[in-house]
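Heads up: the structure comes next, in structure tokens.
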Amino acid sequence: MLKNIRIVLVDTSHPGNIGAAARAMKNMSLRQLHLVTPQHYPHQEATSRASGADDLLNNARVAGSLDEALTGCRLVVGTSARTRSIDWPIVTPREAATKLVQEARSGDVALVFGRERSGLTNSELDRCTFLVHIPTNEDYSSLNLGAAVQILAYEVYLAQQQDPTVKSDTQRDLATADMLQGFHEHLAQALEDIGFTDPRQSQKLLRRLRSLFQRARPDKDEINIMRGILSAMQGRKSMRR
């Protein structure tokens, strides 16, 4: 199941951190490294810091956007050290690892890390099913990217060695991250078309709706049904009486 777990690094500025992340991944038998718009890659310092995990660097996939890197993922867990104005499900590293391992039995999942200085943007966090927070010393909470990857990779490695007792959605054909993003874009356009929202003032509402559907974790058929309803609302599909 570890082969289905993606480690996604977004807009990494220091190539050494990419190498450190690759080393941490190989220590814990993780193989899928995805890089979203890395500022310096490939780079000699990444290779040096990888310390023998060159194969992960050579096979790393570089994406032009987070949405591209998440294509096909049934579960997305994002890392965050910040509080948010709208509640989002936050889990511990151990809980996150258990969820990732459970869902990886049925398909690809992703663990997403943000920029070294600023982490993930609100828009990027919105793509996540859950957020994971690594507890640290309140007086010195700065955590290097490589260290963060090592901590969570270790928890994932432990989780796959155990027999989780918590039931999951592994038997459901859940909508993937790209399907959900397409649905949310369709929903935003449909609400605007019927005059329910003003695109200049509706961001808070749309984020609440996104949170609602992330918690519900709809399957592929349910998303197709919802999109059919949206098309009917827009007059693009006939509604049977």
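The values are calculated or read from the model by the stated rules, or taken from the named source; none is laboratory data. The structure displayed is predicted, hence computed values, not measured ones. Quick reminder, even Gly has a Cβ in these numbers, built from the backbone with ideal geometry, and neighbours come from all protein chains shown. These area figures cover heavy atoms from the full protein model, side chains too; ligands, DNA and RNA do not enter into them. Shrake-Rupley method; radii C 1.70, N 1.55, O 1.52, S 1.80 Å.
For region 62-77, the count of residues that are over 27 Å from K220 (Cα atoms), basic (K, R), open to solvent by 10 Å² or more (accessible area, probe 1.4 Å) and not in a strand (DSSP E or B) is zero. On the stretch given as region 78-97, residues that are in contact with a strand residue (DSSP E or B) (Cβ under 9 Å, 6 or more places away or on another chain) and outside any loop (DSSP other than H, G, I, E, B) total 8.
The residues listed here are T98, T92; of these, the one that is under 27 Å from R207 (Cα atoms), out of contact with any Asp or Glu (no Cβ under 8 Å at 6 or more places or on another chain), touching a residue at least 60 places away in the same chain (Cβ under 8 Å) and surrounded by fewer than 23 Cβ atoms within 10 Å (Cβ to Cβ) is T98. H40 passes every criterion in (1) in contact with a Pro (Cβ under 6 Å, 6 or more places away or on another chain); (2) within 24 Å of M179 (Cα to Cα) apart from (2).
Looking only at residues in region 135-146 that are farther than 20 Å from S13 by Cβ and open to solvent by 80 Å² or more (accessible area, probe 1.4 Å), the one that is farthest from the chain's Cα centre (by Cα) is D139. Restricting R215, R172 to those that are open to solvent by 50 Å² or more (accessible area, probe 1.4 Å), touching a residue at least 24 places away in the same chain (Cβ under 8 Å) and part of a helix (DSSP H, G or I) reduces the list to R215. Scanning region 101-134 for residues that are of a type outside the set (D, E, K, R), part of a loop (DSSP other than H, G, I, E, B) and touching a residue at least 12 places away in the same chain (Cβ under 8 Å), we see that the one that is most open to solvent (accessible area, probe 1.4 Å) is H133.
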